[in-house]
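The values are calculated or read from the model by the stated rules, or taken from the named source; none is laboratory data. Computed from a predicted model, the values in this text were never measured in an experiment. Every residue, glycine as well, gets a Cβ built from its backbone with ideal geometry; the counts of neighbours run over all protein chains shown.
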Amino acid sequence: MTQLIDGKQISKQIKDELRDEVQQLNVQGKNACLAVVQVGNDPASSVYVNNKKKACAYIGIGSKAYELPEKTTEAELVSFVEELNRDETVNGILVQLPLPSHIDEDKIIRTISPDKDVDGFHPVSVGRLWIGEKGFLSCTPAGIIQLLKRSGIEIEGKECVVVGRSNIVGKPMAALLLRENGTVTVAHSRTKNLKEITKRADILIVAIGKKRFITADYVKEGAVVIDVGMHRDENNHLCGDVDFEDVAPHTSAITPVPGGVGPMTIAMLMNNCVETMRTQEERP
């Protein structure tokens, strides 16, 4: 019987735990505030920003939303982020991506102080992850680790295959699986014999941005399959990188789309915000 991994339920469990922890930290005089910066009014970005504000309110931390006009220059945005870096009332800074095409996203990510980089995208955060130092974890991969652990799925010693090598999911996912003592292969668009590699996986994590690309003939019988993709099909229904109907009967556990990985990203963003409260004494 295939286990359906319920990201909505697990993310609520995490947010409830964080809410209780925030109340205890408040008693100790520790508070947190997340600054969310959006440039332009991309509708999808507006939905994400609104969800982040709601999550902050739910767990009991402050949030400040800054909506900057589309025509904001790169220099103006850099200056604004530097101002937030200096603002002692702000613990975490999140610049909503994508940014307008005239702004270099990488430059903005690098401008955020690593000590306020709750997205875990700064090169210093990435370096800390790879060498096992304490720091902010990239939210989607951290959420996937929680999905596996809280669903009773052992990672240690398992053959883990990550399909996709993006800086936001694929690469940090590989690092976190290694940290959990998985044996990790990263496959990508230039990989030869992809089916042979994915069919070895006890745990298969797919983040390639191709609608229903992974079918049953890519999957080992009884594997755990985690689908990071998010698309609209020809009937305007949400679907993932995995052909769920075809693959699910062959798995021991699988995430649906929607309701699998998606809700976990914001839950782990909230965890990173609470981490700024846990470590307040350690900060300069």
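For residue 196, the conditions (1) modelled with pLDDT under 95; (2) among the charged types (D, E, K, R); (3) not in a loop (DSSP other than H, G, I, E, B) all hold with the exception of (1). In a residue-by-residue description of region 78-95, the property of being within 25 Å of residue 229 (Cα to Cα), touching a strand residue (DSSP E or B) at 6+ places or on another chain (Cβ under 6 Å), surrounded by 15 or more Cβ atoms within 10 Å (Cβ to Cβ) and at pLDDT below 95 applies to no position. Restricted to region 96-115, and to residues there that are hydrophobic (A, V, I, L, M, F, W, C) and part of a loop (DSSP other than H, G, I, E, B), the residue that is nearest to residue 73 (Cα to Cα) is 103. Within region 116-165, if we keep just the residues that are in a loop (DSSP other than H, G, I, E, B) and β-branched (Val, Ile, Thr), the residue that is nearest to the chain's Cα centre (by Cα) turns out to be 118. Counting only residues that are surrounded by fewer than 19 Cβ atoms within 10 Å (Cβ to Cβ) and either at pLDDT below 95 or touching a strand residue (DSSP E or B) at 6+ places or on another chain (Cβ under 8 Å) (or both), how many does region 102-113 have? Residues in region 102-113 being surrounded by fewer than 19 Cβ atoms within 10 Å (Cβ to Cβ) and either at pLDDT below 95 or touching a strand residue (DSSP E or B) at 6+ places or on another chain (Cβ under 8 Å) (or both): 1 in total. Every condition in (1) within 19 Å of residue 149 (Cβ to Cβ); (2) touching a strand residue (DSSP E or B) at 6+ places or on another chain (Cβ under 9 Å); (3) touching a residue at least 40 places away in the same chain (Cβ under 8 Å); (4) of a type outside the set (Ser, Thr, Tyr) is met by residue 209 except one, and the failing one is (1).
Within region 64-94, how many residues turn out to be in contact (Cβ under 8 Å) with a residue 40 or more places away in the chain and either among the hydroxyl-bearing types (Ser, Thr, Tyr) or not in a strand (DSSP E or B) (or both)?
8
Within region 1-48, the set of residues being part of a loop (DSSP other than H, G, I, E, B) and either of a type in the set (Val, Ile, Thr) or in contact with a His (Cβ under 8 Å, 6 or more places away or on another chain) (or both) comprises 2, 5. Take the residues of region 49-77 that are modelled with pLDDT of 95 or more and polar (S, T, N, Q): which is nearest to residue 102 (Cα to Cα)? It comes out as 73. Taken together, the residues in region 13-54 that are under 21 Å from residue 84 (Cβ atoms), among the β-branched types (Val, Ile, Thr) and loosely packed, with under 14 Cβ neighbours inside 10 Å amount to 0.
Only residues that are outside any strand (DSSP E or B) and surrounded by 23 or more Cβ atoms within 10 Å (Cβ to Cβ) were counted in region 207-228, giving 4.
Table: residues versus (1) at pLDDT below 95; (2) within 22 Å of the chain's Cα centre (by Cα); (3) of a type outside the set (Lys, Arg).
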position	(1), (2), (3)
215	no, no, yes
227	no, yes, yes
234	yes, no, yes
237	yes, no, yes
242	no, yes, yes
247	no, no, yes
252	no, no, yes
255	no, yes, yes
